[in-house]
1. Considering only segment 147-163, I want to know if a residue exists there that is assigned to a helix (DSSP H, G or I), surrounded by fewer than 17 Cβ atoms within 10 Å (Cβ to Cβ) and either hydroxyl-bearing (Ser, Thr, Tyr) or within 20 Å of the chain's Cα centre (by Cα) (or both).
2. Of all residues in segment 133-146 being surrounded by fewer than 19 Cβ atoms within 10 Å (Cβ to Cβ) and within 18 Å of ALA252 (Cβ to Cβ), which is nearest to the chain's Cα centre (by Cα)?
3. Restricting to segment 194-220, count the residues that are under 21 Å from GLY275 (Cβ atoms) and out of contact with any Gly (no Cβ under 7 Å at 6 or more places or on another chain).
4. For ALA108, all conditions in the list (1) part of a helix (DSSP H, G or I); (2) among the small types (Gly, Ala, Ser); (3) buried (at least 21 other Cβ atoms within 10 Å of the Cβ) hold save one; what is the number of the exception?
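Since every read-out is calculated from the coordinates, none of them should be taken as a lab result. Just so it is clear, the model here is predicted, and its values are computed rather than measured. Methodologically, a virtual Cβ is constructed for each residue, glycine included, from the backbone with ideal geometry; neighbour enumeration extends over all protein chains shown.
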Amino acid sequence: MERMTMKDKLFGSSKAYLKRNAGILIGLLAICVVISLQSPQFLTQKNIMNVLRQISSNMFLACSMTMILIAGGIDLSVGSMIAIIGVMAGTFLGMGIPIPLVILICFAMGGVFGAVNGTIISRTTLPPFIVTFSMMSILRGATYVFTGGTTVRIDNRSWINLGTGYVFGIVPLPVVYLLVVLIIVWLILNKTTLGRHIYAVGGNEKAARFSGINVIRVRMFVYIFSGIMAALAGMVLCARSYSGNPLAGDGAEMDAIAACVLGGASMAGGYGYVGGTLIGALIIGLLNNGLNLMKIDSYWQIILKGVVILVAVYVDYLKSMKKNKGN
């Protein structure tokens with residue numbers, strides 16, 4: 001039997017991967033060429049590692065968001081989860097709680113928030129958009145109430161190292177976490193029964209129910225996993241910024257959704273790949289980094305990001321129309 005390379009294990013067949021993502025890969029290459037011509041610093045090792053570290057938090061969210069979109073849902077509350085997790089982590093550290101226990105508590109909090117979303121969505125007919133939007137508001141408001149709108153400072157060097165440290169002095173620790181998360185998500189979606197059920201539920205929920213799939217369990221899993229990934233992003237961000245900020249994660253859910261849709265995930269459910277999501281996140285991260293290097297006003301960056309999301313959603317719409325005509 002032919003031995004599979006690590007790339008094949010992560011993305012499947014290289015040929016199929018390139019074919020599936022040809023459009024966004026060309027777009028990614030074009031962005032790199034244009035920005036590198038404008039800024040010689042862009043392709044340096046230091047800057048590339050900085051970009052990878054910056055996109056890691058978005059990718060934590062985007063990996064779980066990919067599964068949620070495939071299952072036919074959406075989660076707008078992850079940005080607020082980042083804020084409250086970061087604030088609580090800083091508070092727990094200030095109380096002298098050991099770091100391993102703080103990490104466990106934060107993951108548990110994220111899982112509970114996700115479980116609340118999953119329970120309401122899976123056991124009622126309320127739209128995921130409304131449920132998670134409400135949770136977004138509740139958690140953000142709770143963060144402001146708890147902190148009084150002030151930042152919780154963190155001076156624990158061991159904790160800070162979790163977000164700012166390096167492996168072999170080259171690879172940022174958040175990038176290592178990201179590689180682990182990518183492999184886990186790929187394995188779930190491609191090598192487990194649960195992964196097949198996630199695709200089935202998003203493709204046709206009624207048919208999935210008739211075939212014996214536990215739709216409630218599937219929805220609970222994807223939202224709990226989303227909460228855990230938001231907790232990871234919150235801990236990494238507060239470690240990198242030396243503080244728990246009630247403003248942290250503002251708009252993070254939009255970046256995650258944009259990365260998924262740019263990577264080919266369908267807003268209608270039933271379709272998506274973590275390999276494509278990674279490229280989508282790279283496009284967003286490189287755009288932000290390149291525009292900063294070219295000293296383009298941050299307000300224009302917000303507009304450009306909105307345009308990119310709109311184009312990505314429109315492309316998804318065209319794909320859906322073409323698929324429907326084919327059927």
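1. The answer is yes, given that some residue of segment 147-163 is assigned to a helix (DSSP H, G or I), surrounded by fewer than 17 Cβ atoms within 10 Å (Cβ to Cβ) and either hydroxyl-bearing (Ser, Thr, Tyr) or within 20 Å of the chain's Cα centre (by Cα) (or both).
2. Of everything passing the filter in segment 133-146, PHE133 is nearest to the chain's Cα centre (by Cα).
3. Of the residues in segment 194-220, 6 are under 21 Å from GLY275 (Cβ atoms) and out of contact with any Gly (no Cβ under 7 Å at 6 or more places or on another chain).
4. Result: ALA108 fails condition (3) only.
Per-residue answers, yes or no, for (1) assigned to a loop (DSSP other than H, G, I, E, B); (2) polar (S, T, N, Q); (3) within 13 Å of GLY276 (Cα to Cα):
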| site | (1), (2), (3) |
| --- | --- |
| LEU25 | no, no, yes |
| LEU29 | no, no, no |
| CYS32 | no, no, no |
| LEU43 | yes, no, no |
| VAL51 | no, no, no |
| ILE55 | no, no, no |
| SER64 | no, yes, no |
| ILE68 | no, no, no |
